[in-house]
1. Looking at the range 5-22, which of its residues are surrounded by 14 or more Cβ atoms within 10 Å (Cβ to Cβ) and either in contact with a strand residue (DSSP E or B) (Cβ under 8 Å, 6 or more places away or on another chain) or in contact (Cβ under 8 Å) with a residue 40 or more places away in the chain (or both)?
2. Modelled with pLDDT under 90 and over 23 Å from residue 29 (Cα atoms), is that true of residue 87?
3. Give me the helices (runs of 4 or more DSSP H) completely within the range 23-72, filtered to those with at least 3 residues that are out of contact with any strand residue (DSSP E or B) (no Cβ under 7 Å at 6 or more places or on another chain) and under 13 Å from residue 12 (Cα atoms), ordered by residue number.
4. Of the residues that make up the range 50-67, is at least one modelled with pLDDT of 85 or more and at positive phi?
């Protein structure tokens, strides 16, 4: 027989759902149940593991994390959620890297820098041509 949870599991479900910015309707769609059923889950003091597994999967956390929920630990769970592979082995999935800079701004900065370098190179080439012309003129007059 499935083990039942001693804590008020429904409050944990509701709190995690709210912290994820998810509505009951959205969770209901993910679970394939009605919104009223989700409300019943959230009001239940205990739920069997068989019912917790799809709920935990929909909330993208482990069943253990759902059972032992604390708000302090929640942020660690969200940033390091667990997935399982075909063998049932837990795999740590880290958050996608989000750069702290705007890549387009960096691209524009690089473009401007390249433009300035090109202009300096062009000026240098013009100066070189002018000096060569002066040298040629001096040689031909001498």
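The values are calculated or read from the model by the stated rules, or taken from the named source; none is laboratory data. Owing to the predicted nature of the structure, the values given are computational and were not obtained by experimental measurement. A quick note on method: Cβ atoms are made from the backbone with ideal geometry, for glycine too, and the neighbour counts reach across all protein chains shown.
1. 5, 9, 12, 13, 15, 16, 17, 19, 20
2. yes
3. 35-43, 49-58, 63-67
4. Scanning the range 50-67 turns up at least one residue that is modelled with pLDDT of 85 or more and at positive phi.
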